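The values are calculated or read from the model by the stated rules, or taken from the named source; none is laboratory data. Note that the coordinates shown come from a computational prediction; the quantities given were computed from them, not determined experimentally. Note that each Cβ is placed from the backbone with ideal geometry, even for glycine, and that neighbours are counted across all protein chains shown. Ligands, DNA and RNA are excluded from the accessible area calculation, which covers all protein heavy atoms including side chains. Shrake-Rupley method; radii C 1.70, N 1.55, O 1.52, S 1.80 Å.
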Amino acid sequence: MADSTDARQLKQQEQRYAICAALAEPQQRQQFTQKLRKLHQQNNPSIAADEQEKLVAQKIEPFERSYREYSSQSKQKLFDKICLNENLQTNENFKGLQVSELPESLQNKIHIIATCALISNSYGLKQQAQKLTAANTLIIIAGGMNGKNQALQQLAGIHQEVTNELKTLDKTQLKNKFTTSCNQVKKMQNTQ
């Protein structure tokens with residue numbers, strides 16, 4: 001049991017260094033890349049140095065892609081929260097970024113999924129609504145580095161906003177909104 005806990009902590013530490021390297025300014029980036037390299041070498045001493053370099057770069061690259069659209073303020077805020085505290089402990093209540101601090105494309109995606117989920121629920125499509133809400137929760141957790149409770153709290157606010165928008169629509173408009181938003185969700189699913 002201790003081995004799996006150690007392995008999980010090690011993986012989390014590697015991931016944190018990769019995230020920090022992706023978010024950091026060039027000088028700090030070097031520092032976190034070095035920490036990641038060192039950690040990787042300790043855990044995989046049999047792997048050649050040039051192979052280690054490739055593996056470290058491969059760990060950082062997906063996070064660089066993920067954060068490409070983030071504003072410099074959002075990147076800095078995440079960096080400050082995640083990277084400046086060496087003994088950082090994230091839990092269910094950890095507060096990363098608010099949805100409003102995420103890139104506009106991600107905010108739009110969350111809003112579209114919430115719209116499809118809420119209308120699906122009102123049409124009695126409970127399972128679809130639950131799956132979409134779970135997906136949205138994961139987007140808010142991963143996109144903003146939030147704990148689960150923080151993500152659910154933010155999602156509740158978004159659901160309230162969407163519900164207020166939907167209340168202004170008549171039945172035909174609501175049906176059109178359902179079709180449009182759920183078709184957009186299907187397109188999102190197909191492009192992943």
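Taking the Cα centre of region 10-51 as origin and assigning +1 to Lys and Arg Cβ atoms and -1 to Asp and Glu Cβ atoms, the resulting dipole is close to 180 debye. Residues in region 4-84 average 62 Å² of solvent-accessible surface per residue, probe 1.4 Å, ligands and nucleic acids excluded. Per residue, the accessible area of region 111-167 comes to 48 Å² when a 1.4 Å probe rolls over the protein heavy atoms.
Using the rule -39500 (n - 2.57) for each DSSP H run of four or more residues, divided by the residues of the chain, the 222 nm mean residue ellipticity is -26500 deg cm²/dmol.
Qualifying GluC sites (Glu not before Pro) in region 74-110, where qualification requires a DSSP coil assignment and no more than 12 other C-beta atoms within 10 Å, comprise E86, E92. To put it simply, the accessible area of the chain at a 1.4 Å probe is 50 percent carbon and sulfur. To the nearest ten degrees, helix 171-191 and the longest principal axis of the Cα atoms of the chain are 20 degrees apart. For the pairs K148/K177; K11/K59; K131/K187; K95/K126, note any where the Cα-Cα span goes beyond 20 Å. Check vs 20 Å cut-off fails for K148/K177; K95/K126. Scanning the chain for trypsin sites (Lys or Arg not before Pro) lying in DSSP loops with no more than 16 further Cβ atoms inside 10 Å, the longest uninterrupted stretch between such sites is 96-192.
Among the listed values [x] 61; [y] 36; [z] 32, the one matching percent of Cα pairs over 29 Å apart as calculated from this structure is [y]. For S46, the solvent-accessible surface computed with a 1.4 Å probe is close to 110 Å², ligands and nucleic acids excluded. Among A48, A57, A22, determine the one that fluctuates most according to a GNM of the chain built with springs between C-alpha atoms less than 10 Å apart. Highest fluctuation of the listed residues: A48.
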